[in-house]
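The values are calculated or read from the model by the stated rules, or taken from the named source; none is laboratory data. Source: prediction; values computed, not measured. All Cβ positions, glycine included, derive from the backbone under ideal geometry; neighbour counts span all protein chains shown. All accessible areas refer to the heavy atoms of the entire protein, side chains included, with ligands and DNA or RNA removed. Shrake-Rupley method; radii C 1.70, N 1.55, O 1.52, S 1.80 Å.
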Amino acid sequence: MSDPTIFERIIDGDIPGHVVHKTEAVAAFLDANPLTPGHTLVVPREPYTRLRDVPPDVSADIFGAVRTLSPAIEDAVDADATTVGINDGTVAGQEVPHLHVHIVPRFEGDGGGSIHTAVGSFADLDDDEIADIASDIETRLG
Ligand code: 5GP
């Protein structure tokens, strides 16, 4: 069996952390290097690496927890808004190989951007290329 991930160790109480939510399938705890006050990570308790690895019932539980936690966190830190995101894969910036959803409370004037700032430019695609991508996605969904 592989070593537990850092997030499993936090959930199990083996290393210090502020766990704010725990169910059979999902847990949430404060990020140790918060982008803003209240920055929270929601994780499946099984250490799936990528979103594509997560079974549908568990992904439903993860998003359910995000839905429950986001307003509670926003209110707890008196935030104005929230950014929710996943760095899904190394190239997207994932550093911990245990899937996690970032809930980042946002404040007027916090200097951050929207999800659109995650990539520094817009894709240069014509209508046919966009249509081909849409068709490819639909085909893969079966
Ligand atoms: P990623 O870049 O993989 O999307 O984000 C990993 C997140 O995990 C970072 O925001 C980082 O601050 C957080 N993190 C890394 N190690 C620890 C830790 O030991 N405890 C907690 N609470 N958060 C951690």
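Before moving on, here are some points about what is shown:
- Subset of the range 32-44 that is open to solvent by less than 30 Å² (accessible area, probe 1.4 Å) and within 11 Å of the ligand (Cβ to nearest atom) - its residue that is farthest from V77 (Cα to Cα): V43
- Contacts under 6 angstrom Cβ, first residue in the range 16-38 being touching a residue at least 24 places away in the same chain (Cβ under 8 Å) and charged (D, E, K, R), partner in a strand (DSSP E or B) and surrounded by 13 or more Cβ atoms within 10 Å (Cβ to Cβ), 6 or more apart: D31/L41
- In summary, E108 fulfils each of the numbered conditions (1) within 15 Å of the ligand (Cβ to nearest atom); (2) in contact (Cβ under 8 Å) with a residue 24 or more places away in the chain; (3) open to solvent by 90 Å² or more (accessible area, probe 1.4 Å) with the single exception of condition (1).
- Check on P47, assigned to a loop (DSSP other than H, G, I, E, B), within 14 Å of the ligand (Cβ to nearest atom) and in contact with a His (Cβ under 7 Å, 6 or more places away or on another chain): yes
- For P37, the criteria (1) closer than 30 Å to D3 by Cβ; (2) assigned to a loop (DSSP other than H, G, I, E, B) hold in every case but one, which is (1).
- Identity of the residue in the range 50-60, of a type in the set (D, E, K, R) and in a helix (DSSP H, G or I), that ends up least open to solvent (accessible area, probe 1.4 Å): D53
- Taking the numbered list (1) over 16 Å from L30 (Cα atoms); (2) at pLDDT 95 or above; (3) not in a helix (DSSP H, G or I) in turn, T139 passes all entries but (3).
- Meets criteria (within 16 Å of the ligand (Cβ to nearest atom), out of contact with any strand residue (DSSP E or B) (no Cβ under 9 Å at 6 or more places or on another chain) and not in a strand (DSSP E or B)) for V119: yes
- One residue stands out in the range 14-31 among those that are open to solvent by less than 70 Å² (accessible area, probe 1.4 Å) and out of contact with any strand residue (DSSP E or B) (no Cβ under 8 Å at 6 or more places or on another chain): the one that is farthest from D75 (Cα to Cα), namely I15.
- Scanning the range 61-105 for residues that are open to solvent by 80 Å² or more (accessible area, probe 1.4 Å), hydrophobic (A, V, I, L, M, F, W, C) and more than 16 Å from the chain's Cα centre (by Cα) yields a count of 1.
- Against the test of being under 14 Å from H98 (Cβ atoms) and of a type in the set (D, E), the options D57, D31 yield a single qualifying residue, D31.
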